[in-house]
Each structure stands twice: as structure tokens, then as C-alpha cells.
Amino acid sequence: MNMPPRIRKLALAAHVGISVGWIGAVAAYMALDVAVATNQDPQALRGAYAGMELIARNVIVPLALGSLISGVLMAWGTKWGLFRHYWVVISLLLTTIATAVLLVETQTISNFADVAANPATGDDDLRALGNTLAHSVGGMLVLVFILVLNMYKPKGMTRYGWRKEHEQRRMRQSERAMTLS
Ligand code: HEM
């Protein structure tokens, strides 16, 4: 199914806004992650863990789900299709994996924030809590890769894509033959 051009533009604006917003939110989260990795001050650590949880739960998770859903709608509603082109399949796969890892990671971040918010947690325990830098840096690299892939849209069709293309061409030819006869 192909969206009408005006709807497609609006949907694309939403998809790009949400997806690039996701990258921006991860950048903000990473700033706090670096603060946690490099700071020893208990007050700063408590504040940073609380901020990380708020950004992850209330901004990054909704944007990740929004990017996945809007991406699937863009693929379904345009000539690209969901399984016709390798770049779309790779985007779908990587975004799904990134979102799944994020949902699991959000639990870990919540646990960090709960421990940090507890007044009974001592300064040494607070400093030993740890960070999620490996995940946030890895996640950022994956998101930037998807961004570049979606901008370039490299050629390359799946077997399913070729079959659909042949079917459509054959249908167009028989329609033309019918109108001529
Ligand atoms: C981090 C995740 C994602 C990012 C950063 C992202 C980014 C973008 C950007 C910047 C564009 C505009 C490119 C252009 O037309 O010039 C785009 C288009 C598109 N994206 Fe995504 N995307 C993401 C996830 C997905 C997913 C998961 C899918 C599909 C399952 C998808 C499918 C599409 C399709 C089909 C278009 C072309 C729409 C059209 O031509 O009207 N994207 N994406």
C-alpha cells in the first residue's frame, strides 16, 4: 500500500524527528554516564543516576518504540516495503535488537537509581555502583549506522523483493495488453 504524497511527507517528518531525537537523547544520557564514570562526589553521583533513569525511562524508551513503529509504517506505506530491500531489513533488525537491549538495560538503570536514592547507601557503595558506558557508546554507534544506512538506502533487493517486482511487472504488462485489445 502506498501512502498519498502529503501523508507520506508528514509521516516521514515524524519518523525522522523521532529517530534522530532518539540519537539526541542517547547523547544527553551519555553525558551523565560519563559523569558517573569519572566523578567521585556522592551528591553528583546521586543526581546523575536519578537523571539517567529519568532520561532512559521517559525519553529514550518512548523514542525507541516510536522510531521502530514509525519505521515499520514508512516501509509498509511506501514502495520500499518491509522485506524487499536489504537496507530496510537491516534497519528493522538492528532497531529491534537495540530496543530490546534498551528495555533490559532500563531495568539495570532503575536499580542503580533506586540504590543511589536510598539514604542508607554509603558513599563507597555509591562509588562502586558502576556505569553503562559500554552500552550507551555501543548503542550510539548502532543508531548512527542505521541513520547513515537510511539516508543512503544502498541498492540490493531480497529474493522476496525480486519476486514481488516480477509479479508487479507481469501484472502491468497484462493490464496494458488488456486495454490495447
Ligand atoms: C534508529 C533508527 C532509525 C533512524 C535513525 C532512521 C532514520 C531515517 C532517516 C533520516 C530517514 C530519511 C532518509 C531520506 O529519505 O532521505 C529514514 C527514512 C526511512 N526509514 Fe528510517 N530510521 C530508523 C529506523 C527505521 C526502521 C526500523 C525502519 C523500518 C523497519 C525504517 C524505515 C525507513 C524507510 C522505509 C524510510 C524511507 C521513507 C520514504 O522514503 O518515504 N527506519 N529513516
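Per-structure values
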item: Qualifying residue in the range 10-24 (condition: in contact (Cβ under 8 Å) with a residue 60 or more places away in the chain, within 13 Å of residue 136 (Cβ to Cβ) and among the aliphatic types (A, V, I, L, M)); result: yes
item: Per-region count, the range 74-93, residues open to solvent by less than 30 Å² (accessible area, probe 1.4 Å), part of a helix (DSSP H, G or I) and among the aliphatic types (A, V, I, L, M); result: 3
item: Residues that are near the ligand (Cβ under 9 Å from one of its atoms) and closer than 10 Å to residue 86 by Cα, drawn from the range 150-171; result: 153
item: Contacts under 9 angstrom Cβ, first residue in the range 54-78 being under 14 Å from residue 105 (Cα atoms), partner charged (D, E, K, R) and at pLDDT 95 or above, 6 or more apart; result: 56/105
item: The range 144-181, residues that are open to solvent by less than 100 Å² (accessible area, probe 1.4 Å) and of a type in the set (Ser, Thr, Tyr); result: 158, 160, 174
item: Close pairs from the range 137-154: first within 16 Å of residue 68 (Cα to Cα), partner exposed (fewer than 13 other Cβ atoms within 10 Å of the Cβ) and of a type in the set (Val, Ile, Thr), Cβ under 9 Å, at least 6 apart; result: 142/97
item: Top-ranked residue in the range 85-99 [being among the β-branched types (Val, Ile, Thr) and in contact with a Leu (Cβ under 9 Å, 6 or more places away or on another chain); ranked as nearest to the ligand (Cβ to nearest atom)]; result: 95
item: Pairs where the first residue, in the range 155-177, is in contact (Cβ under 8 Å) with a residue 12 or more places away in the chain and the second is part of a loop (DSSP other than H, G, I, E, B) and loosely packed, with under 10 Cβ neighbours inside 10 Å, C-beta under 7 Å, 6+ apart; result: none
item: Residue in the range 128-143 that is farthest from the ligand (Cβ to nearest atom), counting only those that are open to solvent by 40 Å² or more (accessible area, probe 1.4 Å) and not β-branched (Val, Ile, Thr); result: 128
item: Of residues in the range 78-117 being under 21 Å from residue 154 (Cβ atoms) and of a type in the set (Gly, Ala, Ser), the one farthest from the chain's Cα centre (by Cα); result: 81
item: Residue 61 in a helix (DSSP H, G or I), of a type in the set (A, V, I, L, M) and loosely packed, with under 15 Cβ neighbours inside 10 Å; result: no
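Here is a yes/no grid of residues against (1) modelled with pLDDT of 95 or more; (2) near the ligand (Cβ under 8 Å from one of its atoms); (3) assigned to a helix (DSSP H, G or I); (4) surrounded by fewer than 17 Cβ atoms within 10 Å (Cβ to Cβ):
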| residue | (1), (2), (3), (4) |
| --- | --- |
| 17 | yes, no, yes, yes |
| 22 | yes, yes, yes, no |
| 28 | yes, no, yes, yes |
| 45 | yes, no, yes, no |
| 57 | yes, no, yes, yes |
| 65 | yes, no, yes, yes |
| 103 | yes, no, yes, yes |
| 109 | yes, no, yes, no |
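The values are calculated or read from the model by the stated rules, or taken from the named source; none is laboratory data. Just so you know, these numbers come straight off a predicted model, no measurement behind them. Positions of Cβ are backbone-derived with ideal geometry, glycine not excepted, and every protein chain shown enters the neighbour counts. Just so you know, the surface numbers come from the protein's heavy atoms only, side chains and all, with ligands and any DNA or RNA stripped out. Shrake-Rupley method; radii C 1.70, N 1.55, O 1.52, S 1.80 Å.
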